[in-house]
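This report concerns only the one structure given below.
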Amino acid sequence: MPLLTTELLAKGAPLDALAPCDAIGAMIDGQISALKTVSAAAQKLDSAAQLMAGSIRSGRSLVFVAAGSSGLMALADACELSGTFGISPDAVSIFMAGGVPVDGRMLGDVEDDVTAAIDVVARVNAGDTVIVLSASGTTPYALAVAEGVKAKSASVIGLANNPDTALLKLADVAIYLATPPEVIAGSTRLGAGTAQKAALNIMSTLMGIKLGHVYRGMMVNVVADNAKLVERAASIVSHIADVSRGNAKAAIRTANANTKAAILIAKGCTALQATAALAAHDGHLDACFKSLNFNQDENV
């Protein structure tokens, strides 16, 4: 059986045989090459984002599943969804083989533990979207989860860095990231991990856009739960509604820290009108502005 691409060594002199600056250059080149592979999956990334948005819109959940380095990529993206897009933490679950590490230990044999997948599958419901990552595309833990949740009518998005692998064949949306051999053979925390993280970032951002949580390039569903984010929300409201920061902060208080509602309030709505408009238009500010006859082009 031929070696998987992720197990092969990149061409050129071995990394440890190079002078430090040349080694750095080789690693940067490897990262750039990995990132370039993500653009080839653009259509699949959009399809994945559509599934994710559909689950959130219908009150279902996003479930991230992986082992090892892929799990760390999933963890980083999943934990940002609440702060960036206001996705309820209750609607996001993260399962790593062996559990999320709390120190520098990340056991290797847990990715072969298919019995651990039983608990994950039990927590998934019909209508959920399950994002399963495996650089090899063959990780037993990841495959067992994908098989189990498909049987429960959940949607599976599979990300792998080798073609025609079992995970990609199982997935409803199969995202093949054709990263080249690694500068350290088999170290998928490098090129493969970079491509996976970029793909996840793109998928979740597209999801946010489809849910109406991005407007004019701003995170209008931001949860302002610390001093920095309160100031960010005030800047967003001030810019979009074309009001002073003082008026923006007053609107945020009236809206109980709901940034979208605060924008509408700053434009002249009552809190009740803002809430009703957002409910009527699925949280999309563009549609709210049109229904309320607000002209945004003159302000932004």
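Out of all the residues in the stretch 153-182, which are touching a Pro at 6+ places or on another chain (Cβ under 9 Å) and either open to solvent by less than 30 Å² (accessible area, probe 1.4 Å) or over 30 Å from Arg123 (Cβ atoms) (or both)? Steps first, please.
First pass over the stretch 153-182, keeping only residues touching a Pro at 6+ places or on another chain (Cβ under 9 Å): 176, 178.
Across the stretch 153-182, the qualifying residue is only Ala178.
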From the options Leu45, Leu35, residue that is under 14 Å from Ile202 (Cα atoms) and touching a strand residue (DSSP E or B) at 6+ places or on another chain (Cβ under 8 Å): Leu45
Those residues of the stretch 56-72 which are within 17 Å of Ala160 (Cβ to Cβ) and either outside any helix (DSSP H, G or I) or modelled with pLDDT of 95 or more (or both), in sequence order: Phe64, Val65, Ala66, Ala67
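Out of contact with any Lys or Arg (no Cβ under 7 Å at 6 or more places or on another chain), farther than 19 Å from Leu177 by Cα and modelled with pLDDT under 95, is that true of Asp90?
In short, no.
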Single residue of Ala49, Ala53, Ala23, Ala41 found to be without any contact (Cβ under 8 Å) to a residue 60 or more places away in the chain, open to solvent by less than 30 Å² (accessible area, probe 1.4 Å), in a helix (DSSP H, G or I) and small (Gly, Ala, Ser): Ala23
Filtered residues of the stretch 170-196 (kept if outside any helix (DSSP H, G or I), small (Gly, Ala, Ser) and farther than 18 Å from Gly12 by Cβ): Ala171, Ala174, Ala178
Candidates Thr275, Thr270, filtered to the one that is touching a residue at least 12 places away in the same chain (Cβ under 8 Å) and either over 22 Å from the mean Cα position of the chain (by Cα) or surrounded by fewer than 20 Cβ atoms within 10 Å (Cβ to Cβ) (or both): Thr275
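The values are calculated or read from the model by the stated rules, or taken from the named source; none is laboratory data. Note that the structure is predicted; figures quoted are calculated from it, not measured. Glycine gets a Cβ as well: all are built from the backbone with ideal geometry, and neighbour counts include every protein chain shown. What goes into the accessible areas is simple: the full protein's heavy atoms, side chains included, and nothing from ligands, DNA or RNA. Shrake-Rupley method; radii C 1.70, N 1.55, O 1.52, S 1.80 Å.
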